[in-house]
Amino acid sequence: MKPIVALESTVISHGLPYPANLETAKRLEQVVREAGAEPRTIAVLKGKVKVGLTDEELEYLARAKGVRKISRRDLPISVGLGQDGATTVAGTMYLAARAGIAVFATGGIGGVHRGHPFDVSADLQELARTPVVVVCAGAKAILDLPATLEVLETMGVPVLGYRTDEFPAFYSRESGLPVDQRVESPEEVAAVYHAQRALGLPTGMLVTVPAPEEAEVPCEEIEPAIGQAVAEADEGGIKGKALTPFLLARISELTGGRSLRANLALLENNARVAAEIAKAIAA
Ligand code: PSU
Ligand code: MN
């Protein structure tokens, strides 16, 4: 098995502004290659599933406006009707597993929204039923993190902390919430992955990596922006799949360059760790 790392495309189309999104997408692929694995950015273009994008295709996605955000339920719609779309964590996991890819790097996963206990990202369900290791910096504090961890437990998804005891809160390294197990090395993650397969568990897992210290934005600094963005979304009646992109863009505006820098640093860090894990699994 060749070490391969899947990368998502919603972070390019809905998660970051142009041109930072394009630079980041290219940089993440480069980081994976430098670490000795092969990157595969996943998207749907004109109804065709793409596992690995050319530079032209990356550029197209990074500039495109109004591209469909593809979670599990959107896949047959975009493929069947020949649409363009960027895959979320759930959409990317599903397509990665079909392509035989075991490891996927992203920034943060979706979860249970604050004040909206029934707005639960399909990412959590996908982690329950698709055997892919998702390497991320936890979940953004735009979400209800305790509720998100409860749902992951209900769904039977192991949550590992990569050299941390705490579930990271994306920009911030700490959340006060424990992970199921701290691990110290890519080999330990590989051991859990192989045990899942040997036990016949169809489940994925979350490997959470704290943002690099120098790029971290502490909770106290980010929290006012999050509170304001969540309140504006409620007032504006923004819900469903539009909610996460709205909150991401608004927080980015409210915090200026700082949160964007943290976002880029943690994405790169996650891509590097994912490449190491992919190598350990393939070994
Ligand atoms: N969280 C982030 N950045 C992101 C996303 C989540 O910090 O870009 C994206 C991911 O693609 C994730 C999706 O899978 O948002 C979740 O959307 P929803 O909450 O609608 O399931
Ligand atoms: Mn949702």
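A few comments on the model shown:
- Surface share of carbon and sulfur [accessible, 1.4 angstrom probe, percent] for the chain: 53
- Beta bridges by DSSP in region 152-283, antiparallel share as percent, to the nearest 5: 25
- Taking all protein chains as they are arranged and a probe of 1.4 Å, the heavy atoms of residue 27 leave approximately 70 Å² accessible to solvent.
- Label separation (residue 34 vs residue 201): 3.4 nm, computed from points 7 Å beyond Cα along the C-beta direction.
- Taking all protein chains together and a 1.4 Å probe, the residues 144, 74 rank 144, 74 from largest to smallest accessible area.
- Its Cα gyration tensor gives the chain an equivalent ellipsoid. The semi-axes, each the square root of 5 times an eigenvalue, are 25, 23, 19 Å from largest down.
- In order through region 179-195: 3J(HN,Hα) via Karplus (6.51 cos²θ - 1.76 cosθ + 1.60), integer Hz, x for Gly, Pro: 8, 6, 7, 7, 10, 10, 8, x, 5, 5, 5, 4, 5, 5, 4, 5, 5
- Under 22 Å from residue 239, Cα to Cα: lysines that are on another chain or at least 8 residues apart: 65, 69, 140
- Only beta bridges with both residues in the chain are counted; by DSSP, about 35 percent of them are antiparallel.
- Inter-part distance, region 183-211 to region 1-69, computed on C-alpha centroids, equals 24 Å.
- Residues of the chain: accessible area per residue with a 1.4 Å probe, Å²: 42
- Solvent-accessible ranking of 167, 246, 118, largest area first, probe 1.4 Å: 118, 246, 167
- Summed residue charge, Cβ within 13 Å of residue 160's Cβ, Lys/Arg positive, Asp/Glu negative: -4
- For the chain, relative contact order (Cα pairs under 8 Å, six or more residues apart, normalised by length) works out to 21 percent.
- Rolling a 1.4 Å probe across all protein chains gives residue 57 an accessible area of roughly 40 Å².
- GNM top mover of 12, 226, 238 - the chain, alpha-carbon springs below 10 Å: 238
- Violating pairs (Cα-Cα greater than 19 angstrom) within the set 26/48; 26/279; 26/46; 26/50: 26/48; 26/279; 26/46
- Residue 279 accessible area, 1.4 Å probe, all protein chains in place, Å² to nearest 10: 70
- Calculated mean residue ellipticity at 222 nm for the chain: -14000 deg cm²/dmol, from DSSP H runs with n ≥ 4 weighted as -39500 (n - 2.57), summed, divided by the residue count and rounded to 500.
The values are calculated or read from the model by the stated rules, or taken from the named source; none is laboratory data. All values reported here derive from a predicted model rather than from experimental measurement. Counting neighbours? That spans all protein chains shown, and the Cβs are built from the backbone with ideal geometry, glycine included. Please note that ligands, DNA and RNA were not included when accessible areas were found on the heavy atoms of the full protein model with its side chains. Shrake-Rupley method; radii C 1.70, N 1.55, O 1.52, S 1.80 Å.
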